[in-house]
Amino acid sequence: MRRPISFLAGTAALSTLLALSGCDQPVPPQTQAVSMPAGVSTPNVTETKDRQMAFLNRIRDADPKGQTIQRALLNEDNELGLILGRGVEMDKISMLMSGMLTQMAAEFPGEDLTVIAYAPSNPPQKFGTARLDSRSRDMTYTPAR
């Protein structure tokens, strides 16, 4: 997918929105290291967990009151789940998720990435899913039905 000027302007706007995003839950420290067999060239698991924690902490530090993002979690597949604040406008969700994918791509280069946004309900209801294909660099957004 080619990125038009409007996408770049949207990314700049998302950087501003990202600066307003945050989360209220601390990330527990990683205490167990996993050793890989000799000769395997996969990234160090502890290093990856540290990068994930640092990324989540940057989201949380950007908006400590959680007005845009109430909660952010990364699962074992490096998928980012976001519970959005009640004040986030529906038409801004795809832009926010695109901005998050851009930020994640800088932090986790060469990985296929997924961001899932949820409403702040109990249980959380899915708003939509954004994906980045690391090879083609295509970003897609699929709203929930």
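So which residues in the range 37-48 are of a type in the set (V, I, T) and either modelled with pLDDT of 85 or more or surrounded by 10 or more Cβ atoms within 10 Å (Cβ to Cβ) (or both), if there are any at all? Lay out the reasoning, then the answer.
Looking only at the range 37-48, we keep the residues that are of a type in the set (V, I, T), and these are 40, 42, 45-46, 48.
Of everything in the range 37-48, those that are of a type in the set (V, I, T) and either modelled with pLDDT of 85 or more or surrounded by 10 or more Cβ atoms within 10 Å (Cβ to Cβ) (or both) turn out to be V45, T46, T48.
Test R71 against the criterion of being touching a residue at least 40 places away in the same chain (Cβ under 8 Å), open to solvent by 60 Å² or more (accessible area, probe 1.4 Å), outside any helix (DSSP H, G or I) and touching a Pro at 6+ places or on another chain (Cβ under 9 Å), and give yes or no.
Values: touching a residue at least 40 places away in the same chain (Cβ under 8 Å): yes; open to solvent by 60 Å² or more (accessible area, probe 1.4 Å): yes; outside any helix (DSSP H, G or I): yes; touching a Pro at 6+ places or on another chain (Cβ under 9 Å): yes.
Criteria met by R71.
Residue pairs, Cβ under 9 Å, 6 or more apart or interchain, first in the range 83-94 and in contact (Cβ under 8 Å) with a residue 60 or more places away in the chain and closer than 14 Å to A130 by Cβ, second open to solvent by less than 50 Å² (accessible area, probe 1.4 Å) and charged (D, E, K, R). List them.
Note: no pairs meet the criteria.
Yes or no, residue by residue, for (1) of a type in the set (A, V, I, L, M, F, W, C); (2) not in a loop (DSSP other than H, G, I, E, B):
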{"position": "A54", "(1), (2)": "yes, yes"}
{"position": "N57", "(1), (2)": "no, yes"}
{"position": "P64", "(1), (2)": "no, no"}
{"position": "E76", "(1), (2)": "no, no"}
{"position": "L80", "(1), (2)": "yes, yes"}
{"position": "D91", "(1), (2)": "no, yes"}
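Which residue out of G85, G110 is under 16 Å from the mean Cα position of the chain (by Cα) and farther than 20 Å from N75 by Cβ? Give the steps one after another, and end with the answer.
Details: G110 fails: farther than 20 Å from N75 by Cβ.
Just a single option satisfies the conditions, and that option is G85.
Tell me which residues, restricted to the range 57-80, are among the charged types (D, E, K, R) and closer than 22 Å to G110 by Cα. So that I can check it myself, show each step before the final result.
First pass over the range 57-80, keeping only residues among the charged types (D, E, K, R): 58, 60-61, 63, 65, 71, 76-77, 79.
If the condition is that a residue be among the charged types (D, E, K, R) and closer than 22 Å to G110 by Cα, then R58, E76, D77, E79 are the ones that fit.
Just the residues that are open to solvent by less than 50 Å² (accessible area, probe 1.4 Å) and in a strand (DSSP E or B), please, taken from the range 93-126.
Once the filter is applied, which keeps residues that are open to solvent by less than 50 Å² (accessible area, probe 1.4 Å) and in a strand (DSSP E or B), the range 93-126 yields L113, T114, V115, I116, A117.
Among R137, R60, R51, which is the only one that is surrounded by fewer than 18 Cβ atoms within 10 Å (Cβ to Cβ), modelled with pLDDT under 95 and out of contact with any Phe, Trp or Tyr (no Cβ under 9 Å at 6 or more places or on another chain)? Talk me through it step by step, then tell me what you get.
On the way: R60 fails: surrounded by fewer than 18 Cβ atoms within 10 Å (Cβ to Cβ); R51 fails: out of contact with any Phe, Trp or Tyr (no Cβ under 9 Å at 6 or more places or on another chain).
After ruling out the rest, the residue left standing is R137.
The values are calculated or read from the model by the stated rules, or taken from the named source; none is laboratory data. Please read all numbers here as calculations on a predicted model, not as lab measurements. All Cβ positions, glycine included, derive from the backbone under ideal geometry; neighbour counts span all protein chains shown. Heavy atoms of the whole protein, side chains included, go into the accessibility calculation; ligands, DNA and RNA do not. Shrake-Rupley method; radii C 1.70, N 1.55, O 1.52, S 1.80 Å.
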